[in-house]
Amino acid sequence: MGALAATTPTNAGTVVSGAAVAGTDTIDRSVMGPKGAYLVVINGNASPDVVTITDPGVTPAGNPLNLAPGGVISKSVTNATTQVFYVRPEQVNPTTGLVTVTHSVTATVTYQLYPVG
């Protein structure tokens, strides 16, 4: 498991390159902006990468919500494509302070993470 690092763009421009993903990664609330973060998944693999992002399915007070089964967002990133996901602050697990991201393939799959707000 790896903790994803965020890059904050500047007015002068920021050089970024994709960093390797693990089978299971986390996004700490502290690296997200006040409005969340954009997670860019760059799939250089020959196979699709099914990206699953957790949503604890609870209100800030800890009350359960009626969300999709399993409280997850799951999307296939087609091989040789890039996809951007918006990760909302409300997706942070209030107990752990983390959002969990899993990948079905990891070889030649990289990410970029940008705080919002």
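Identify all residues within the range 9-25 that are within 11 Å of Leu113 (Cβ to Cβ) and at pLDDT 95 or above; write none if there are none. Break it down into steps so the answer makes sense when it comes.
Within the range 9-25, the subset within 11 Å of Leu113 (Cβ to Cβ) is 16, 18-19, 21, 25.
Ala19, Val21, Asp25 - these are the residues of the range 9-25 that are within 11 Å of Leu113 (Cβ to Cβ) and at pLDDT 95 or above.
Any chance you could count how many residues in the range 73-105 are crowded, with 16+ Cβ neighbours inside 10 Å, under 12 Å from Val50 (Cα atoms) and of a type in the set (Ser, Thr, Tyr)?
Total meeting the criteria: 2.
Being outside any loop (DSSP other than H, G, I, E, B) and in contact (Cβ under 8 Å) with a residue 60 or more places away in the chain is the requirement here; does Thr110 meet it? Reasoning before the result, please.
Working: outside any loop (DSSP other than H, G, I, E, B): yes; in contact (Cβ under 8 Å) with a residue 60 or more places away in the chain: yes.
Judged against the criteria, Thr110 is a match.
Pick out the one residue from Ile27, Ile53, Ile42 that is within 12 Å of Thr110 (Cα to Cα) and either part of a strand (DSSP E or B) or touching a Phe, Trp or Tyr at 6+ places or on another chain (Cβ under 6 Å) (or both).
On the way: Ile27 fails: within 12 Å of Thr110 (Cα to Cα); Ile53 fails: within 12 Å of Thr110 (Cα to Cα).
None of the other options fit; the residue is Ile42.
Answer with yes or no whether Val15 is in a strand (DSSP E or B) and among the β-branched types (Val, Ile, Thr).
Details: in a strand (DSSP E or B): no; among the β-branched types (Val, Ile, Thr): yes.
It is false that Val15 is in a strand (DSSP E or B) and among the β-branched types (Val, Ile, Thr).
If you go through the range 101-117, how many residues are out of contact with any Lys or Arg (no Cβ under 6 Å at 6 or more places or on another chain) and at pLDDT below 95? Step through it out loud before you land on a result.
Filtering the range 101-117 for residues out of contact with any Lys or Arg (no Cβ under 6 Å at 6 or more places or on another chain) gives 101-115.
In the following step, the residues that additionally are at pLDDT below 95 were identified as none.
Counting residues in the range 101-117 that are out of contact with any Lys or Arg (no Cβ under 6 Å at 6 or more places or on another chain) and at pLDDT below 95 gives 0.
The values are calculated or read from the model by the stated rules, or taken from the named source; none is laboratory data. Note that this is a predicted model, so its numbers are computed, not measured. Cβ: placed from backbone, ideal geometry, glycine included. Neighbour counts: every protein chain shown.
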